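Please read the structure below before turning to the comments.
The values are calculated or read from the model by the stated rules, or taken from the named source; none is laboratory data. In this text the structure is predicted, and so the values were computed from the model without any measurement. Note that each Cβ is placed from the backbone with ideal geometry, even for glycine, and that neighbours are counted across all protein chains shown. Just so you know, the surface numbers come from the protein's heavy atoms only, side chains and all, with ligands and any DNA or RNA stripped out. Shrake-Rupley method; radii C 1.70, N 1.55, O 1.52, S 1.80 Å.
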Amino acid sequence: MATSPKYQKVFDALQREIQSGRFKAGDRLPSEAELERRFGTSRITVGRAVRDLQLAGLVERRAGSGSYVKARSLSEALSFGLLIPDLGETEIFEPICQGMMASPLARQHALLWGSLTNPAASKEERAWQLCRQYIERRVSGVFFAPLELTAGKDAVNRQIARALDDAGIPVVVLDRTVVPYPERGVHDLVGIDNRRAGYRITEHLLRLGSRRIAFVAVAHAAATVEAREAGYREALYAWNSPIERELVHRLDPMDIHDVQRVMESTHPDAIVCANDWTAARLMHAVLELGYSVPEDMRLVGIDDMEYASLLPVPLTTLRQPTREIGAVAFAAMLDRVSRPETPVRDIFLQTQLVVRRSCGASVERSTNARGRINEQRPHA
């Protein structure tokens with residue numbers, strides 16, 4: 001509790017009092033001014049806590065009168081489906097789900113993982129099975145992380161989204177849009193600004209003196225990768241650095257021959273990888289080919305997965321606040337369910353540049369609890 005945000009402390013205290021019966025159904029909560037004095041905090045903090053109580057279904061606000069405790073009933077507990085076909089393959093989704101489950105707003109509600117009648121089916125077929133299952137169960141909403149890494153992903157993603165829309169089930173998409181970049185789609189999105197992420201990590205290499213910078217991703221990747229590539233190109237343009245098609249690659253980073261061809265034909269002095277998954281595998285390949293990181297070539301990623309600091313050369317990357325994305329996504333879903341007329345939103349959380357040895361920067365070291373080195377005045 002010592003490290004909890006102030007609004008969460010207020011939320012938790014009021015929630016305990018409602019659940020213990022101190023405040024009964026129909027009781028009026030103290031005014032925000034009274035709660036300010038009681039908790040010694042600001043009007044903004046109190047307002048956030050009361051709003052979260054409302055989103056959690058514990059209180060209702062009456063215009064000009066105040067906030068009142070709602071009658072509790074089983075019908076108020078909502079069930080939300082998790083439709084994440086790449087769970088277990090794309091590392092960011094497990095902590096995102098953990099963030100959802102840890103949210104105070106989730107305590108009253110249920111997250112459903114679904115069950116597959118044919119686990120041996122293709123990823124596209126499994127995703128469609130879950131979609132139909134959630135529609136049949138009439139869930140209150142679906143958290144959808146659209147498919148990637150398959151040739152038919154775009155058609156299947158559109159099919160799933162259209163079926164949920166036709167069934168009147170609210171959808172919040174996680175990390176990536178249903179449609180290819182730069183199309184937007186019609187659902188709330190919670191993640192990071194991937195174009196800005198691509199720009200930031202590329203600019204970091206440019207500040208260190210790199211000029212022949214390649215961009216590497218795998219084929220059939222999610223829309224996030226296209227956005228990161230767009231940010232990469234934008235940073236090169238802003239720095240008057242060459243923008244060459246031959247420096248942008250879609251390849252299998254574990255194919256040593258493919259990696260060798262790229263290195264020998266384009267001679268990059270740095271590589272921006274679309275994510276840490278690609279960076280980790282590419283690093284092993286270039287080291288096996290006899291290149292040194294960062295002496296011969298700087299290498300960076302995006303995501304800051306747990307293994308990023310454990311690679312043969314610790315990886316410089318941009319950290320995604322994955323658990324926070326999960327918590328914010330749950331709040332966005334409750335808001336969408338209670339206010340379906342709200343305009344569609346992009347909710348982007350801030351990334352953090354984490355500087356390690358792979359980019360060749362020298363930093364003043366300040367190691368945090370997860371072993372990351374926080375950037376302080378990097379220089380070549």
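For this structure, a couple of remarks:
- All positions within the range 14-29 that are surrounded by 14 or more Cβ atoms within 10 Å (Cβ to Cβ) and either under 36 Å from the mean Cα position of the chain (by Cα) or among the aliphatic types (A, V, I, L, M) (or both): LEU14, GLN15, GLU17, ILE18, LEU29
- The range 261-286 residues that are within 17 Å of THR202 (Cα to Cα), paired with ones that are part of a helix (DSSP H, G or I) and polar (S, T, N, Q) (beta carbon under 9 Å, 6 or more apart): ALA270/THR202; VAL272/THR202; ALA274/THR224; ASN275/THR224; ALA279/SER358
- Screening the range 210-308 for helices (runs of 4 or more DSSP H) wholly inside it with 1 or more residues that are modelled with pLDDT of 95 or more and within 27 Å of GLY191 (Cβ to Cβ) returns the ranges 223-238, 276-288.
- Filter pass, VAL259 being of a type outside the set (Ser, Thr, Tyr), open to solvent by 10 Å² or more (accessible area, probe 1.4 Å) and at negative phi: no
- If the condition is being surrounded by fewer than 24 Cβ atoms within 10 Å (Cβ to Cβ) and not small (Gly, Ala, Ser), then the range 179-191 contributes VAL179, PRO180, TYR181, PRO182, GLU183, ARG184, VAL186, HIS187, ASP188, LEU189.
- Test: residue in the range 31-53 that is modelled with pLDDT under 85 and either open to solvent by less than 40 Å² (accessible area, probe 1.4 Å) or not charged (D, E, K, R) (or both): no
- Looking across PHE348, PHE330, one residue alone is touching a residue at least 40 places away in the same chain (Cβ under 8 Å) and in contact with a Ser or Thr (Cβ under 7 Å, 6 or more places away or on another chain). It is PHE330.
- Count of residues meeting criterion [more than 19 Å from ARG233 (Cα to Cα) and either surrounded by fewer than 24 Cβ atoms within 10 Å (Cβ to Cβ) or hydrophobic (A, V, I, L, M, F, W, C) (or both)] in the range 298-324: 15
- Test: LEU334 is surrounded by fewer than 23 Cβ atoms within 10 Å (Cβ to Cβ) and within 21 Å of CYS97 (Cβ to Cβ): no
- Answer from THR266, THR278 - the residue that is open to solvent by less than 20 Å² (accessible area, probe 1.4 Å) and touching a Gly at 6+ places or on another chain (Cβ under 8 Å): THR278
- Residues that are modelled with pLDDT under 90 and part of a strand (DSSP E or B) occur in the range 344-367; there is at least one.
- Residue count for the range 311-361 satisfying the condition of being in contact with a Cys (Cβ under 7 Å, 6 or more places away or on another chain) and over 19 Å from LEU55 (Cα atoms): 1.
- When ILE213 is tested against (1) farther than 16 Å from VAL313 by Cβ; (2) touching a Leu at 6+ places or on another chain (Cβ under 6 Å); (3) without any contact (Cβ under 8 Å) to a residue 40 or more places away in the chain, exactly one condition is not met: (3).
- Selection over the range 130-184 of residues that are touching a residue at least 60 places away in the same chain (Cβ under 8 Å), within 22 Å of ASP335 (Cβ to Cβ) and of a type in the set (Gly, Ala, Ser) gives a count of 3.
- Qualifying residue in the range 206-221 (condition: open to solvent by 20 Å² or more (accessible area, probe 1.4 Å), hydroxyl-bearing (Ser, Thr, Tyr) and more than 28 Å from PRO85 (Cβ to Cβ)): no
- Counting only strands (runs of 3 or more DSSP E) wholly contained in the range 57-163, the ones carrying 2 or more residues that are in contact with an Asp or Glu (Cβ under 7 Å, 6 or more places away or on another chain) and open to solvent by less than 70 Å² (accessible area, probe 1.4 Å) occupy 66-69.
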